[in-house]
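The values are calculated or read from the model by the stated rules, or taken from the named source; none is laboratory data. What you see is a predicted model, and the numbers here were worked out from it, not measured in a lab. Neighbour counts are summed over all protein chains in view; Cβ atoms, including those assigned to glycine, are modelled from backbone coordinates with ideal geometry.
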Amino acid sequence: MDAEGAMKRCDGSNRSRWLRWTVLLTAALPQWVGATAQCPPGTGEKGPVFWAVGFGVLGLFFVLGLAVVFGAVRATRGLKWTRRLPLLLAALVAMLCLWTLGLWLFGSYFVMVC
């Protein structure tokens, strides 16, 4: 295989990737418009307690995600790396899931509400 053939394949995959992202973002546009719509008058400002609870929820999920990883590291210390690696990778996936859930809860129930 020559360098020119590799370049053509690489260029095609990049165009395909850009096309997929363009279609995805275009399909998501109505959701963005609805999310940025102005709240009706009279809903008022959110109080400091509301924001404290929201950031507390966000922080709780962040700490829970870190605790899962640190707990997995401590629990698998005596294992061989062939048994330890899948468990640690599963803990990393769980951490990312917890962080994503925390961001979703924060965005859905504390930021995007009137």
Seminar exercise, completed: Picking from PRO30, PRO86, the residue that is modelled with pLDDT of 85 or more, surrounded by fewer than 13 Cβ atoms within 10 Å (Cβ to Cβ) and assigned to a helix (DSSP H, G or I) would be PRO86
For this session: Answer yes or no as to whether PHE55 is among the aromatic types (Phe, Trp, Tyr), farther than 18 Å from LEU89 by Cα and in the same structural domain as LEU92 (by TED's automatic domain parsing).
Result: yes
Seminar exercise, completed: Flagged pairs (Cβ under 9 angstrom, 6 or more apart or on separate chains; first in segment 48-74, farther than 30 Å from PRO86 by Cα; second basic (Lys, Arg) and not in a helix (DSSP H, G or I)) are GLY54/LYS46
For this session: Report yes if LYS80 is surrounded by 12 or more Cβ atoms within 10 Å (Cβ to Cβ) and either of a type in the set (D, E, K, R) or modelled with pLDDT under 95 (or both), otherwise no.
Result: no
